[in-house]
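Participant: Before I ask anything, let me first share the structure, which is written out below as structure tokens.
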Amino acid sequence: MFILGFLARRLAQGALIVFLVSFLIFTLLRVIPGDPVRLMVGGMAPDELVEQIAAEMGLRDPIPVQFMRYMGGVVQGDLGQSFIRPASGAAVGGAQFDDATRSERARVLTLIADTAPFTIQLALLSMFFALLVATPIGVYGGLNQGRWPDRLALYIGSLFVSLPNFWLGIVLALLLSVHLGWLPAIGYQGFAYTILPAIVLAVEIIPFILRTLTVSVAQIMRESYISAAYIRGLSRTRIIFAHALKNASVPLLNLLGVQFSMLLGGVLVVEFIFDYPGLGLLTINAVLQRDFPLIQGIAIVTSAAFVLINIIVDLVSTSIDPRLDY
Amino acid sequence: MEKTVEIPGTPPADDLRRLSISRRIALGAWNSLEFRIGLSVFLFMLLMAIFYPMLSDIDPTRMNVRARLIPPVFMGEGATWAHPLGTDQLGRDMLVRSLVGLRYSLLIGGATVALMLFVGCLVGLFAGYRGGLTDTLLMRITDAQLSIPMIILAIAILGVARPTIPAIIIVLGLSGWPVYARVMRSVIMAERKREFVRGATVLGASDMRIMFLLLLPLCLPPIAFVAVLDVARMMIFESVLGFLGLGVQPPTPTFGNIIADGRKYLLNAWWIATMPGIFLFLTLASLNLMGAALERSRNRVYGGIE
């Protein structure tokens, strides 16, 4: 029963957050200068045509009216249609206003559903790489606080956090794929194309994992139940792996929830550099093309993902450490 | 690092205790090797960025097509000392361009963090001191802001509006303040119940006086020290925006737009895209080392370990 109450409360809060985000993005996009219709019909179109199309699309109605119409669709699972992208093929950008071959525009939900799996694959692989590198160093650093493993964790963290992701991406692409030919870099034609972007993203995540892990492991090792475990005659290995690490994973999970938006920023840039066909690339193109429905759709989907991830993180944390109470 | 064991509740054993908390944090950081390395690298980069473009008198935007794509001096053939790091596709000097980029990066990073600190600490101060309805209201706004994916918002705003320097500072600054508000609030809530605040109230000090003359000078420095880490983060953010074409616009050189430009010439002139990155990396690494040392020192002072 507790779980149900918790879920109901958090989902209600989450719905409110998603609503606020959509309202904020929706309003900002319409208040800020820059007319999407002008971009859609191309620079050569006469002003009357721009006004006519804008009126047809309802873009000249008051903002609250537009917003309510939009949210009416969203509630029914309809995120609208892209301004720019056709249902099949690539973006057409500033096509001619009288282009007869222009086809049906793509549905935002389809666009997002098509690209999201790529991004999820990238995110999971980079998480895997990051944990693979950061866990041993971080745990070892936390167990030997103040000595060289701790320093090592600090230095690696400080260096990695100072590497700008886009620059690292370019340098790695130059070294690993141009000069050495080990990994493919640009585009996507198979799983191997995920590895290089995932490495760049992992380098961005590692410092945060290292910092959280060293601090939390060091803190837990000072707890009285660890000393008690020694007295109970448990081996050091058992204490570290069964007692300390289990509890140290709670701050790590929380980190995932809090740093979600940072991860998102990294995904955006990395996908842009490597031309990786995920949500990040879609977002950047949507922004550059002023594709309002697409930007709104992505904002709604990502804030919903943020809310859900945080709920899951809290649920898993409570099941790991029953002392936590949400 | 000297070992001084401090047991809470016992009278101070040495002079260290008599210093203010911020002095102790600064001293603790100063005693660490990381901090000194970081500070020297940072000062070196700062002085270069301030003086080299001024003294060398090379215009970072002046093109010279005859001297285009000159490699850096360590490459040997074709390089000249007139352009130590070579030139780009339009014959502009890379060293001056990188250093001017560093100026903008530092300016935007610093100003952004100052804005974040200002807004965040003010919100945290009022929420923590006033409590009650003010607290609930301010903290709900903070929570809401924390849960918005700010990166998308920032890119959306800067992509649609014209990215000028003040616009970039405001967008980045407004995306970062909630963390400071939270930290400040929790610190203030702990401090305002202390004796000296009650004493000041009895003496007839106004709320404003207590908040701005007693609590703020006490609580701000430890937070501001660690904000050095955020300066580095914001500098990366700024260069990412520049890279996406949403930062300070060309011809003004910034790390982001130099690297984005250089990417097109990566195969035959790799130094255009990589050299500015090394400057950015060194500056960020120095800031991060200083920040990490300050953060550790602060944790030691507050945690009472060592």
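Participant: Order these by the 10 Å Cβ neighbour count, fewest first: A:H243, A:H179.
Facilitator: Working: A:H243 18, A:H179 10.
Fewest-to-most ranking of A:H243, A:H179: A:H179, A:H243.
Participant: Can you sort A:L253, B:L107, B:L244, A:L294 from fewest to most other Cβ atoms within 10 Å of each residue's own Cβ?
Facilitator: Values: A:L253 19, B:L107 16, B:L244 22, A:L294 26.
Ranked by crowding around the Cβ, least crowded first: B:L107, A:L253, B:L244, A:L294.
Participant: Do me a favour and compute the ellipsoid semi-axes for the protein assembly as shown from its Cα gyration tensor, root of five times each eigenvalue, largest one first, whole Å. Mind showing how you got there, number by number?
Facilitator: Details: eigenvalues 342, 218, 140 Å².
In descending order the semi-axes read 41, 33, 26 Å.
Participant: Just rank A:V108, B:V240, fewest to most, by other beta-carbon atoms within 10 angstrom.
Facilitator: Numbers: A:V108 29, B:V240 25.
Fewest-to-most ranking of A:V108, B:V240: B:V240, A:V108.
Participant: Related question: Rounded to the nearest 0.05, what FRET efficiency is calculated for A:W182 and A:D78 with R0 set to 45 Å and r the Cβ-Cβ distance? Please list the in-between numbers first.
Facilitator: Numbers: r = 45 Å, r/R0 = 0.99.
Working from the Cβ atoms, E equals 0.50.
Participant: Right, next: Would you mind giving the mean number of other chain beta-carbons within 10 Å of the Cβ of each residue in B:228-235, as a whole number?
Facilitator: Working: counts 0, 2, 0, 0, 3, 2, 0, 2.
Partner-chain Cβ atoms within 10 Å, mean over residues of B:228-235: 1.
Participant: Next question, about the same structure. With each label point set 7 Å from Cα along the Cα-Cβ vector, what nm distance links A:L11 and A:V316?
Facilitator: Spacing of the two 7 Å Cα→Cβ label points: 2.0 nm.
Participant: Quote the FRET efficiency, to the nearest 0.05, computed for B:R23 versus B:D57 with a Förster distance R0 of 30 Å and r equal to the Cβ-Cβ distance. Each step should come with its number before you reach the end.
Facilitator: Values: r = 42 Å, r/R0 = 1.41.
Calculated value: 0.10.
Participant: Still on this structure, please answer the following. Note down the relative contact order for segment A:115-289 as a percent, whole number, built from C-alpha pairs under 8 angstrom at least six residues apart. Walk me through the numbers on the way to the answer.
Facilitator: Values: 212 pairs, mean separation 55.8, N = 175.
Reported as a whole number, the value is 32 percent.
Participant: Please sort A:184-195, A:150-161 by packing, taking for each peptide the average over its residues of neighbouring beta carbons within 10 angstrom, highest first. Let's see the in-between values first.
Facilitator: Working: A:184-195: 14.8, A:150-161: 20.4.
Those peptides, ordered most packed to least, come out A:150-161, A:184-195.
Participant: So what is the relative contact order of chain A, in percent, for Cα pairs below 8 Å that sit 6 or more residues apart?
Facilitator: Reported as a whole number, the value is 23 percent.
Participant: Working from Cα positions, state the angle (0 to 90°, nearest 10) between the long axis of helix A:279-288 and the longest principal axis of chain A.
Facilitator: Relative to chain A, helix A:279-288 is tipped by roughly 40 degrees.
Participant: How many Cβ atoms of partner chains, on average, are near each residue of B:278-286 if near means within 10 Å of its Cβ? Walk me through the intermediate numbers first.
Facilitator: Values: counts 2, 0, 4, 7, 1, 1, 6, 7, 2.
For peptide B:278-286, the averaged partner shielding equals 3.
Participant: Only sites in a loop by DSSP and with at most 10 other Cβ atoms within 10 Å count here; which trypsin sites (Lys or Arg not before Pro) in segment B:124-233 make the cut? Spell out each step's value before the answer.
Facilitator: On the way: sites: B:R130, B:R140, B:R182, B:R185, B:R192, B:K193, B:R194, B:R198, B:R209, B:R233; in loops: B:R192, B:K193, B:R194.
For trypsin sites (Lys or Arg not before Pro) across segment B:124-233 that sit outside H, G, I, E and B with at most 10 neighbouring Cβ atoms in 10 Å, the list reads B:K193.
Participant: Given the DSSP H assignment, sum -39500 (n - 2.57) over each helix run of at least 4 residues in the protein assembly as shown and divide by its residue total; what's the result at 222 nm in deg cm²/dmol, nearest 500? Working shown, then result.
Facilitator: Numbers: 23 runs with 425 residues, N = 632.
It comes out at -23000 deg cm²/dmol, rounded to the nearest 500.
Participant: Quick one: net charge around B:R233, please, counting Lys, Arg +1 and Asp, Glu -1 for every other residue with C-beta under 14 Å from its C-beta.
Facilitator: Working: positive: A:R211; negative: A:E204, B:D230, B:E238, B:E295.
Summing Lys and Arg as +1 and Asp and Glu as -1 gives -3.
Participant: Looking only at segment A:279-318, which residues have a backbone nitrogen under 16 Å from a spot 7 Å from the Cα of A:I3 in the C-beta direction?
Facilitator: What the label zone holds, given the 16 Å backbone N cut-off, is A:311-318.
Participant: A further question follows. Can you give the relative contact order of chain B as a percent, counting alpha carbon pairs under 8 Å and 6+ residues apart?
Facilitator: On the way: 424 pairs, mean separation 83.5, N = 306.
Computed over chain B, the figure is 27 percent.
Participant: Report the net charge of residues surrounding A:L308, where surrounding means a beta-carbon distance below 15 angstrom and charges are Lys +1, Arg +1, Asp -1, Glu -1. The partial results should precede the final answer.
Facilitator: Numbers: positive: A:R9, A:R10; negative: A:D314.
Taking every Cβ under 15 Å from that of A:L308, the sum is +1.
Participant: A follow-up question, please. So if R0 is 35 Å, what FRET efficiency would B:A205 and B:L133 give, r being the distance between their Cβ atoms, rounded to the nearest 0.05? Present the calculation step by step, with values, prior to reporting the outcome.
Facilitator: Numbers: r = 23 Å, r/R0 = 0.66.
About 0.90, to the nearest 0.05.
Participant: Same structure again: For peptide B:265-276, compute the average count of partner chain beta-carbon atoms within 10 Å of each residue's beta-carbon.
Facilitator: Working: counts 0, 5, 2, 0, 0, 6, 0, 0, 5, 4, 0, 2.
Mean partner-chain Cβ count within 10 Å for B:265-276: 2.
Participant: Next question, about the same structure. I want to check the label-to-label distance for A:V31 and B:L69. Put each point 7 Å from Cα in the C-beta direction and report it in nm to one decimal.
Facilitator: Spacing of the two 7 Å Cα→Cβ label points: 4.8 nm.
Participant: Under the 0.36 nm per residue contour assumption, what length would be gained going from the current alpha-carbon distance of B:L216 and B:L90 to full extension? Walk me through the numbers before you get to the answer.
Facilitator: Values: separation 126, 0.36 × 126 = 45.36 nm, distance 5.08 nm.
Gain on stretching B:L216 to B:L90: 40.3 nm.
No value in this document is a laboratory result; all are computed from the given coordinates. Keep in mind the model is a prediction, meaning the values are calculated, not measured. We place every Cβ from the backbone using ideal geometry, glycine too, and count neighbours over all the protein chains shown.
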